[in-house]
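See below for the structure under consideration.
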Amino acid sequence: MLLSVDWDAFSGTRELVFDAPVWGTRDRDQDRLGAWEARAARRGGGGWAALEEEFPLYPGWEALTAYAGVPAWITLSHADAWAWLERFPGEDVLNLDSHHDLASFSGDPARLRPGNWAGLGLRAGLIGHYTCAYPEWHARLPVAEGFDLERTGAELAPLLPPEVRARADLTRAAPLPDPAEVRAVLLVQSPAWTSPAHDAALWALAGALNAAPLVPPLHRPWPG
């Protein structure tokens, strides 16, 4: 199997933070950096630490160091995952993520994007079976995708052919697989959705896994 880790499964938000990108955002350069600068400014500015109270780094990511020695890659966006899947076609995929990435609600459904790479991978036969494991902290955020899995599944059903939907599961707080069962790991920065305050932790994890870059992640020092 393959293990995909979107950093937004750990770099998250608290309840009732209405400018949090987890509720929905685009993936433009402005969303990856400028929007975070604006969020920090609204909270007093002075550095990325201004974000920490409402955009925490949730625990659990440290356990991923258990995959040291498994082939690993790091990349900017989940749209880059296609090149990773092509290295291991037909494998089952466990994706730790704040979004199911099976289909997008707008735009061209055939165009590869962070929000539909998994659904397109299933359609193309690059993924055998797909599981999206939402993080535990979604259980405290009523409008998050991973709060009500039945609701999210019902929203998703019209967007996928039945044979594709049958090969995809949604769960929450799934246990990590035995490293011996994992052929490869992919770390995804997703900077439009993850706080720059947590980039250093991502680099540390990538270093522990000796992750090779697919597309170099974005470095986001505090401006000035």
For the chain, build the convex hull from the C-alpha positions and give me its volume per residue in Å³.
-> 113
Which order, highest average first, do 110-121, 23-34 follow once you tally other Cβ atoms within 10 Å for each residue and take the mean per peptide?
-> 110-121, 23-34
Which residue, Phe55, Phe88, Phe147, tops the fluctuation ranking in a GNM of the chain built on C-alpha contacts under 10 Å?
-> Phe88
What's the carbon and sulfur percent of the chain's accessible surface, probe 1.4 angstrom, rounded to a whole number?
-> 56
May I ask you to derive the FRET efficiency for Phe18 and Tyr58 from their Cβ-Cβ distance with R0 = 22 Å, giving the value to the nearest 0.05?
-> 0.70
Reciprocal mean inverse distance between Cα atoms of the stretch 123-193 - Kirkwood radius, Å | 14.2
Stokes-Einstein D for the stretch 144-183, Kirkwood Rh over Cα pairs, 20 °C, 1.002 mPa s (µm²/s) | 178
Measure of exposure for Arg140: accessible area at 1.4 Å probe, Å² rounded to 10, is 110
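Mind checking the per residue accessible area of the chain for me, 1.4 Å probe, whole number of Å²? Let's see the in-between values first.
Details: 9790 Å² over 224 residues.
I get 44 Å² per residue for this part.
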The stretch 101-140 and the stretch 1-63 have their Cα centres apart by a whole-number Å value of 20
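The values are calculated or read from the model by the stated rules, or taken from the named source; none is laboratory data. Nothing here was measured: the structure is a model prediction, and the numbers come from that model. Note that we place each Cβ from the backbone using ideal geometry, even for glycine, and neighbour counts take in every protein chain shown. The protein model used for the area step is the full one, side chains on, heavy atoms only, and it has no ligands, DNA or RNA in it. Shrake-Rupley method; radii C 1.70, N 1.55, O 1.52, S 1.80 Å.
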